[in-house]
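Comments concern the structure below.
The values are calculated or read from the model by the stated rules, or taken from the named source; none is laboratory data. Note that the structure is predicted; figures quoted are calculated from it, not measured. All Cβ positions, even for glycine, are placed from backbone atoms using ideal geometry, and neighbour counts span all protein chains on display.
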Amino acid sequence: MNWPGCFRRGLALPLVLWSIAFLAGLVVLVSGVVGDWVSAEIRAEKTFRARQMALSGIAIGLSPEVKPGDPLLKTGSREGEGYEVKLSDESGKINPNFWITGNNREIFVRLFESWNVDDELRDAAIDGLIDWVDADDFRSLHGAERGEYEALGRPGFPANRPLLNVREMEAVLGLDQVLASKEDWRKDFTVWYNGKINIQYASQPLLEGLAELTPNQCRSLFELRAGPDAIEGNDDDVKFQSIEEAAGLIGVGGRQLDALVAFFDVAGSVRRIESTGYCNGIRHKIVVISPENGGGQIMNWEEE
Ligand SMILES: [Ca+2]
Ligand SMILES: [Ca+2]
C-alpha cells in the first residue's frame, strides 16, 4: 500500500494542466495589454504626424502669394502622409453683428423666409438676436432678455455684446430653434468680416435667398468670378468694380438689383484656411482665419 504516493501522483497531473492553462491565459492577457499599449502608441504617433502635416498646410495657406488652385495646396501621399488645404473667403458671408448693430432686420427676414421659417419663429429669432447683442436689458417684442433666460435655468444670459463666434448663435433664444431646422446653417455666417456680403465670394443660397437671383444668373456670375481657369479666388478671376457692373454682366435689374445693392458689395477679403493633415488613416483639421495680405497674421485658430 502506498496511498500518499498514489495520491500525490493523482494530484500532480491536474496541477500541471491547471498551471499550463493559467500560464497560457496569462500570456494571452499580457499580450493583449501590450498590444493595447502598442496600438495606443502608434495612434498617438499618427495623430502627431497628421497634426504636423496640417500645420505645414496652414503655413502654405497663410502665404498671400498662394491662391486657390495652386499645386502647393496639396501634397502627394508619401507613406500615407500629407495635407490638403482649402482656401475660401469670409467676406462672402453674413456677419450677424454687422447687420444687427446696423439695425437691419430685412436681411434676416429674407434669409429665414428662404429657409421656409414661419413668421412667428422668424420674429423670435431676429428679436432674440437683437437682445443678445444689444447692451440693455429691455426685451424686444418677440425677444429674450435676462428674465427669459433665467426662467430656463440660464442665469447670466444673454451676453449683451456682439457674438464672439458663429457657434454662439446656437445659444440665442429664438434663433436656436430656427438654426436647429437648417442643416449646414453655419457655412454662410462669419464674425470675422465686417461689411456687406462680397458678391465676389457669396454662395448661391445667399444670392437666391436675399436677392432672388435665378440659378442661371448665379451660374453666369460664378463663371465670371472663376475666370478662364474655372477656379475662384485667383488672379484670372473677373473682379467687379461695382454691384451695378456685376448686375449688368449677368442681366439683373429692378427688384433684384435693389436687393443686391442693399445686401452686397464688391469689397473685402478675409482668408479662411482649412488644412487637413493625414497619416495612415488618422486625420487632423486646422482652420485659421487671416486678413488678406495681412502678412500671415492670424485672427482665429481652431483645431478638430
Ligand atoms: Ca440685451
Ligand atoms: Ca480663376
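Name the single residue that is farthest from ligand 1 (Cβ to nearest atom) among those in the stretch 43-65 being among the aliphatic types (A, V, I, L, M) and surrounded by fewer than 18 Cβ atoms within 10 Å (Cβ to Cβ). Ranking the candidates gives Ala44 first. Within the stretch 213-237, the set of residues being hydrophobic (A, V, I, L, M, F, W, C) and either at positive phi or at pLDDT below 95 (or both) comprises Ala230 only. Restricting attention to the stretch 97-122, which residues are small (Gly, Ala, Ser) and in a helix (DSSP H, G or I)? Passing the criteria: only Ser114.
Just so you know, in the stretch 225-265 the residues that are closer than 30 Å to Leu73 by Cβ, of a type in the set (A, V, I, L, M, F, W, C) and surrounded by fewer than 17 Cβ atoms within 10 Å (Cβ to Cβ) include one that is nearest to the chain's Cα centre (by Cα), and it is Ile231.
What tally of residues in the stretch 132-145 results from selecting those that are crowded, with 20+ Cβ neighbours inside 10 Å and more than 25 Å from the chain's Cα centre (by Cα)?
Keep residues of the stretch 132-145 that are crowded, with 20+ Cβ neighbours inside 10 Å, which gives 132, 143-145.
Checking the rest, the ones that are also more than 25 Å from the chain's Cα centre (by Cα) come to 143-145.
Qualifying residue count for the region: 3.
Using the structure shown, decide if Trp192 is hydrophobic (A, V, I, L, M, F, W, C), in a helix (DSSP H, G or I) and under 25 Å from Ile289 (Cβ atoms). Taking the combined requirement at face value, the residue does not satisfy it. Filtered by the rule that a residue be in a loop (DSSP other than H, G, I, E, B), under 29 Å from Arg225 (Cβ atoms) and of a type outside the set (A, V, I, L, M, F, W, C), the stretch 29-82 gives Ser63, Pro64, Glu65, Lys67, Pro68, Gly69, Asp70, Thr75.
Counting the residues of the stretch 123-178 that are over 21 Å from Phe108 (Cα atoms) and assigned to a helix (DSSP H, G or I) gives 6.
Being touching a Phe, Trp or Tyr at 6+ places or on another chain (Cβ under 8 Å) and over 28 Å from Gly295 (Cβ atoms) is the filter; apply it to the stretch 233-273 and report the residue that is farthest from ligand 1 (Cβ to nearest atom). The extreme case among them is Leu249.
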